[in-house]
Amino acid sequence: MSYEAKLMQMKKLLKKDQPQKIPEVPSQRKIQSPQYEEQWLRAGLLKEENDLGIVYKRVVTYPSNYRHGHFTLSGLQQTLERWKEEKLSHPLSPDLNKPLLFFDTETTGLKGAGTLIFLIGFIEYTGSAFTLTQYVLPGPEHEAAFLYATKFWEEQKSIVMYNGKSFDMPMVETRWTMNRNELPPLLRHTEIDLLHGSKRIWKNEMDTFKLTTVEEEQLGFFRDGDIPGHMAPIIYQDAVKNGRAELLMKVLHHNEWDILSLVTLYIRSTDLLLNKKTYSTETIGTNIGKWFADLKSFDRSKAVLEQVISQSETRHPMAYYHLGFLFKKEEEFEKAAMSFSIAAEGLNGRERIIAYEELAKLFEHKLKELQKALSITREAIHLLKREKLTERFKLRMEISLANREMRLNKKLFPGEAQ
């Protein structure tokens, strides 16, 4: 027998003698309640178990006439009806085919792979009442169960948040990814961010857009006995370590107020955005008109800006400024020139210079009044030295206006040395 044949025979014998592997049976997850469970339950939390672990929750139901600041929660029904009637595509418009959810989180930090979400809260509107559900994380070993309980994997929703597009939802996505081997895939939801909306509506009306400031100035809600937001992670860590739940409940109340304010802020923002009569201030109306223009809803923008002008006892130059661009787009050049002229008289800074430049363009290219165009260009050059402007903008406008002046001189005085 050859050497190779002997090796093959020995290999067969080895295979026969080798014990067969028994398939491993996956061990069942051992769900152990934390030592502090009794203290948390006494404080008012409820225990919920799923296949992935334990989570604690708090559930509160509000009647539809519940009042938060100046607004009752029942106003949401009218808000949704108005969006349905408008059929308007807008960053604040909900997807009416999906359940509406008002959502907020509390986290152990602001960034970093080790940052955990320890509290997720949301209010759902059922048609007859509003239900707040808050889930609290017992510890890192139960994070998959905590995220699973939100049911963000089960059904797509329209989710209303405050800075949620930049913080809350990216944080949920990160934590979901960290637990992807245990969780179903996270669904894509419609995201509505009221921080973005507040900045658009109340620009130049408010100095800061912290939610508590918006609550006081726009919603008429003032917090009594609230904890500072930066204390929430410290209180949570203490509740997990020592079981003390009294202060933890204050964190839940802090989160509850945040979410109730989302409901009423959504009502308030929609009231202003879809209003077709009068605006509380010309600045708010102008901001809304500008927002519609940026979204290319030009007819709606024009209607809003004209309403602002008609309700104002004095000319509101910023409304005329934005209206000028709409008239120019519609090729109503004389109306555009009149709007930019009023804007140039009443504005300061960057917008004033741009208004003069737009006037010069119109008189040069559309209205064919070159002498006016030259006079306006020179006025703009003079103003550049007086207005407070960024160096970058000033340099760009100096070059642009100088070139325009030179071109107009050539048109008006051909053959003369420039």
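Overview of values
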quantity: Every residue from region 121-178 that is touching a residue at least 40 places away in the same chain (Cβ under 8 Å), of a type in the set (Val, Ile, Thr) and within 24 Å of MET249 (Cα to Cα); calculated: ILE123, THR131, THR133, VAL136, VAL160, VAL172
quantity: Unique match (being basic (Lys, Arg) and assigned to a loop (DSSP other than H, G, I, E, B)) among LYS302, LYS276, LYS250; calculated: LYS276
quantity: Output for region 295-319, where each listed residue is crowded, with 18+ Cβ neighbours inside 10 Å, in contact (Cβ under 8 Å) with a residue 24 or more places away in the chain and under 15 Å from GLU351 (Cβ atoms); calculated: HIS316, PRO317, MET318, ALA319
quantity: Where a residue in region 280-294 is more than 17 Å from GLU217 (Cβ to Cβ) and in a helix (DSSP H, G or I) and its partner, wherever it lies, is of a type in the set (S, T, N, Q) and modelled with pLDDT of 95 or more, with Cβ under 7 Å and at least six apart; calculated: GLY289/SER301; PHE292/SER301; ALA293/SER301
quantity: Criterion violated by LEU76 - all others in (1) at pLDDT 95 or above; (2) under 30 Å from ASP271 (Cβ atoms); (3) not in a helix (DSSP H, G or I) satisfied; calculated: (3)
quantity: In region 153-183, residue farthest from LEU101 (Cα to Cα) [restricted to those that are hydroxyl-bearing (Ser, Thr, Tyr) and under 10 Å from the mean Cα position of the chain (by Cα)]; calculated: SER166
quantity: Matching residues in region 259-274 - criterion: being under 24 Å from ASN287 (Cβ atoms) and surrounded by 19 or more Cβ atoms within 10 Å (Cβ to Cβ); calculated: SER261, LEU262, VAL263, THR264, LEU265, TYR266, ILE267, ARG268, SER269, THR270, LEU273
quantity: Leading residue by the ranking (surrounded by the most Cβ atoms within 10 Å (Cβ to Cβ)) among those in region 355-407 that are touching a residue at least 40 places away in the same chain (Cβ under 8 Å) and of a type in the set (A, V, I, L, M); calculated: ALA360
quantity: Which listed residue, of ASN255, ASN242, is touching a residue at least 12 places away in the same chain (Cβ under 8 Å), under 18 Å from TYR162 (Cβ atoms) and either touching a helix residue (DSSP H, G or I) at 6+ places or on another chain (Cβ under 8 Å) or not aromatic (Phe, Trp, Tyr) (or both); calculated: ASN255
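The values are calculated or read from the model by the stated rules, or taken from the named source; none is laboratory data. These numbers were taken from a predicted model, which means no experiment stands behind them. Every residue, glycine as well, gets a Cβ built from its backbone with ideal geometry; the counts of neighbours run over all protein chains shown.
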